[in-house]
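Take a look at the structure set out below.
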């Protein structure tokens with residue numbers, strides 16, 4: 001059974017073409033897309049041009065920049081916004097070189113000539129790290145969108161409040177008369193729009209119906225209802241409706257009849 005093609009592409013960098021070609025052929029046979037590069041300058045160009053690259057396998061000792069300097073340069077591409085995992089391969093694994101590489105952020109290293117099966121296991125481990133990071137970023141993006149939607153609803157709520165304070169809320173004469181004669185003291189702390197929403201709740205209207213009547217979103221209605229319950233220290237919509245309904249009203253009697 002063949003391994004599915006991975007969504008993580010590998011940048012292979014070595015100044016010895018035969019090594020690059022061997023690794024490309026091996027990893028592609030295991031389901032990985034590969035981008036070969038034979039110099040550090042070419043590697044930077046390939047990485048910058050291909051956002052699918054999430055893994056870098058590079059030689060340590062190369063003309064010009066060494067592998068550590070290359071990884072440092074790749075981190076600066078796109079203003080450090082892109083992330084990748086790096087694996088070092090080297091024919092001369094001096095202890096200080098390995099320490100420098102690990103400090104720079106290399107996830108692993110292998111001595112040439114490499115055991116390809118061991119390298120494959122290392123690649124698969126780092127592939128999972130990259131995929132997990134991508135999932136986390138996706139989840140974060142969804143959370144940011146929900147926060148944006150909530151912020152928009154809150155902004156709309158405050159805009160409604162400002163309009164109500166500046167222009168007044170127009171009510172039918174009967175509503176005004178009712179407000180003056182029946183409004184409990186606990187509701188005096190509410191803004192005009194909050195009180196309007198509370199009265200519509202007391203009439204048994206759903207959030208959707210209130211949103212349609214007032215020309216606001218259903219999420220904004222939910223925010224108003226939540227604020228009204230908190231400010232009046234009531235626990236639910238039924239308690240709110242009872243507080244705003246005259247005791248002689250048939251509606252009040254229906255709500256209190258079990």
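Structure values in brief
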quantity: Selection status of residue 47, surrounded by 13 or more Cβ atoms within 10 Å (Cβ to Cβ) and within 28 Å of residue 137 (Cα to Cα); calculated: yes
quantity: Conditions (1) outside any helix (DSSP H, G or I); (2) more than 33 Å from the chain's Cα centre (by Cα); (3) under 15 Å from residue 119 (Cα atoms): number failed by residue 58; calculated: (2)
quantity: Candidate set: region 95-112, residues that are farther than 16 Å from residue 70 by Cα and in contact with a helix residue (DSSP H, G or I) (Cβ under 9 Å, 6 or more places away or on another chain); chosen: the one modelled with the highest pLDDT; calculated: 110
quantity: Any chance residue 176 is in a helix (DSSP H, G or I) and either in contact with a strand residue (DSSP E or B) (Cβ under 6 Å, 6 or more places away or on another chain) or modelled with pLDDT of 80 or more (or both); calculated: no
quantity: Total residues in region 1-45, condition farther than 18 Å from residue 123 by Cβ, touching a residue at least 12 places away in the same chain (Cβ under 8 Å) and within 30 Å of the chain's Cα centre (by Cα); calculated: 1
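The values are calculated or read from the model by the stated rules, or taken from the named source; none is laboratory data. Keep in mind the model is a prediction, meaning the values are calculated, not measured. All Cβ positions, glycine included, derive from the backbone under ideal geometry; neighbour counts span all protein chains shown.
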